[in-house]
Amino acid sequence: MSFRFCPACATELQPITLDEDGGPKERLRCPACGWTHWNNPTPVLAAVIEHEGRILLARNAAWPGKMYALITGFMEAGESPVEGIRREVKEETNLEVTDVALIGVYEFTRMNQVIIAYGMRGHGVVRLSPELVDYKLYAPEQVKCWPAGTGYALADWLRARGHEPQFVEWSKRAD
């Protein structure tokens with residue numbers, strides 16, 4: 001989230017340099033009340049869902065073209081990452097999940113996010129939330145990974161199952 005004004009007193013924020021443990025760091029701070037915008041990365045949850053022996057990728061309604069990706073979402077206050085990814089998968093696909101296992105943690109600096117990715121098995125009938133417009137099921141040997149956070153998670157999941165991941169180039173997205 002980008003701030004220009006203090007959410008506590010509405011004074012325009014000013015860049016200041018704070019001397020922190022890792023050295024000087026520029027932050028936005030309110031000169032009136034001292035509120036500081038820390039701008040820390042947001043944790044995002046991602047799911048590699050194996051459903052009917054294939055990998056489920058979905059297309060978000062807001063995305064241009066024919067991009068398909070992992071199910072992702074934000075944790076709610078008071079829930080663990082595993083509880084959060086179970087909830088997100090249920091909300092977005094209607095699937096119940098089992099065998100939830102951490103794949104890894106990935107940077108997504110462009111969006112100031114840290115992705116916590118899990119692999120799991122999905123059970124039930126897929127019914128997409130209004131947030132998603134389509135989904136596809138891919139055989140592990142046919143899925144294409146993308147060179148960014150969740151794409152690297154998918155690649156690591158594939159490697160752990162004996163498949164050498166193939167990556168698409170951003171300019172040549174595959175369906």
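The values are calculated or read from the model by the stated rules, or taken from the named source; none is laboratory data. As the structure is a prediction and not an experimental result, all values here were calculated from the model. Note: ideal-geometry Cβ built from the backbone for every residue, glycine included; neighbour counts use all protein chains shown.
Name the residues in region 21-53 that are closer than 30 Å to residue 72 by Cβ and among the charged types (D, E, K, R), would you?
Of everything in region 21-53, those that are closer than 30 Å to residue 72 by Cβ and among the charged types (D, E, K, R) turn out to be 25, 26, 27, 50, 52.
Any chance region 95-116 includes a residue that's part of a helix (DSSP H, G or I), in contact with a Phe, Trp or Tyr (Cβ under 9 Å, 6 or more places away or on another chain) and at pLDDT 95 or above?
Within region 95-116 (the criterion being part of a helix (DSSP H, G or I), in contact with a Phe, Trp or Tyr (Cβ under 9 Å, 6 or more places away or on another chain) and at pLDDT 95 or above), the answer is no, since none of the residues qualifies.
Here is a yes/no grid of residues against (1) closer than 30 Å to residue 129 by Cβ; (2) surrounded by 13 or more Cβ atoms within 10 Å (Cβ to Cβ):
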| position | (1), (2) |
| --- | --- |
| 11 | no, yes |
| 43 | yes, yes |
| 52 | yes, no |
| 57 | yes, yes |
| 69 | yes, yes |
| 73 | yes, yes |
| 77 | yes, no |
| 81 | yes, yes |
| 88 | yes, yes |
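Considering region 90-101 alone, what residues qualify as being within 14 Å of the chain's Cα centre (by Cα) and loosely packed, with under 12 Cβ neighbours inside 10 Å?
none
For region 30-88, what are the residues that are charged (D, E, K, R), part of a loop (DSSP other than H, G, I, E, B) and more than 15 Å from the chain's Cα centre (by Cα)?
Passing the criteria: 52, 66, 79.
Scan region 91-112 residue by residue and report those that are polar (S, T, N, Q) and within 13 Å of residue 42 (Cβ to Cβ).
Passing the criteria: 109, 112.
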